[in-house]
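Peer 1: A single structure is presented below for examination.
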Amino acid sequence: MPIMDHAVALVQSYLTDDPIDGSALVKRVMRPSDGAYVLFEGIVRNHHEGKAVESIFYDAYRPMAEKEIAKIVGEVQSAYADVALAVVHRLGHLVVGDTSIAIVTASPHRAEAFAACRTMIDRIKETVPIWKKERGPGGEEWVGWQGKC
């Protein structure tokens, strides 16, 4: 009888309902060969297009969002072979000052880390099915989807 390997595959989740710890993400990504890292954190701000914002609710079609982020991660890792990276996007109710997304890219040299990080956030905002509803003194409004349907 053959010996079976009982290794458990780790499933990477890019979405969370919990607060994001950017420092922990950096520690997870950094390697001894890295000379630079970039930590990008998207933060809920108190305004958008001239309107006051008190909080944001992020929602997603989770299976598709996870799949799309994984695809982007793979593409960025292929384009920037020396870059290690991690990304996590928070869902649910967030208030001003909360981190909504964190991306860490690390590499032996800064140029690649900056470029990979910029590519990650731009691609995520363009293609991942994550929506936000902003709440302010005037009520609630879904934003960011206009013109994408």
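Peer 1: Tell me which residues, restricted to the stretch 46-58, are of a type outside the set (A, V, I, L, M, F, W, C), in a strand (DSSP E or B) and loosely packed, with under 15 Cβ neighbours inside 10 Å.
Peer 2: Once the filter is applied, which keeps residues that are of a type outside the set (A, V, I, L, M, F, W, C), in a strand (DSSP E or B) and loosely packed, with under 15 Cβ neighbours inside 10 Å, the stretch 46-58 yields His47, Lys51.
Peer 1: Tell me, please, whether a residue that is modelled with pLDDT of 95 or more, of a type in the set (Asp, Glu) and under 17 Å from Ala115 (Cα atoms) can be found in the stretch 45-54.
Peer 2: no
Peer 1: Looking at this structure, is Asp5 over 14 Å from the mean Cα position of the chain (by Cα), modelled with pLDDT of 95 or more and over 17 Å from Lys132 (Cα atoms)?
Peer 2: Taking the combined requirement at face value, the residue does not satisfy it.
Peer 1: Using the structure shown, decide if Ile72 is farther than 18 Å from Arg123 by Cα, among the hydrophobic types (A, V, I, L, M, F, W, C) and either at pLDDT 95 or above or not in a strand (DSSP E or B) (or both).
Peer 2: no
Peer 1: Can I ask one more? For a quick check of your reading: which strands (runs of 3 or more DSSP E) sit entirely within the stretch 92-149 and have at least 1 residues that are within 16 Å of Tyr37 (Cα to Cα), of a type in the set (Ser, Thr, Tyr) and in contact (Cβ under 8 Å) with a residue 24 or more places away in the chain?
Peer 2: In the stretch 92-149, 99-107 are the strands (runs of 3 or more DSSP E) which contain 1 or more residues that are within 16 Å of Tyr37 (Cα to Cα), of a type in the set (Ser, Thr, Tyr) and in contact (Cβ under 8 Å) with a residue 24 or more places away in the chain.
Peer 1: Among the residues of the stretch 48-100, count how many are basic (Lys, Arg) and at positive phi.
Peer 2: Final tally of qualifying residues: 0.
Peer 1: Another one. For the stretch 53-65, state whether one or more residues are in contact with a strand residue (DSSP E or B) (Cβ under 8 Å, 6 or more places away or on another chain), under 13 Å from Thr105 (Cα atoms) and not basic (Lys, Arg).
Peer 2: No: zero hits.
Peer 1: Considering (1) modelled with pLDDT under 95; (2) within 15 Å of the chain's Cα centre (by Cα), say which one Cys117 fails and leave the rest.
Peer 2: Here Cys117 meets the rest and fails (1).
Peer 1: How many of the residues in the stretch 24-45 are over 20 Å from the mean Cα position of the chain (by Cα) and either without any contact (Cβ under 8 Å) to a residue 24 or more places away in the chain or surrounded by 13 or more Cβ atoms within 10 Å (Cβ to Cβ) (or both)?
Peer 2: The qualifying residues number 2.
The values are calculated or read from the model by the stated rules, or taken from the named source; none is laboratory data. In this text the structure is predicted, and so the values were computed from the model without any measurement. Ideal geometry is used to build each Cβ from the backbone, glycine not excepted, and the neighbour counts take in all protein chains shown.
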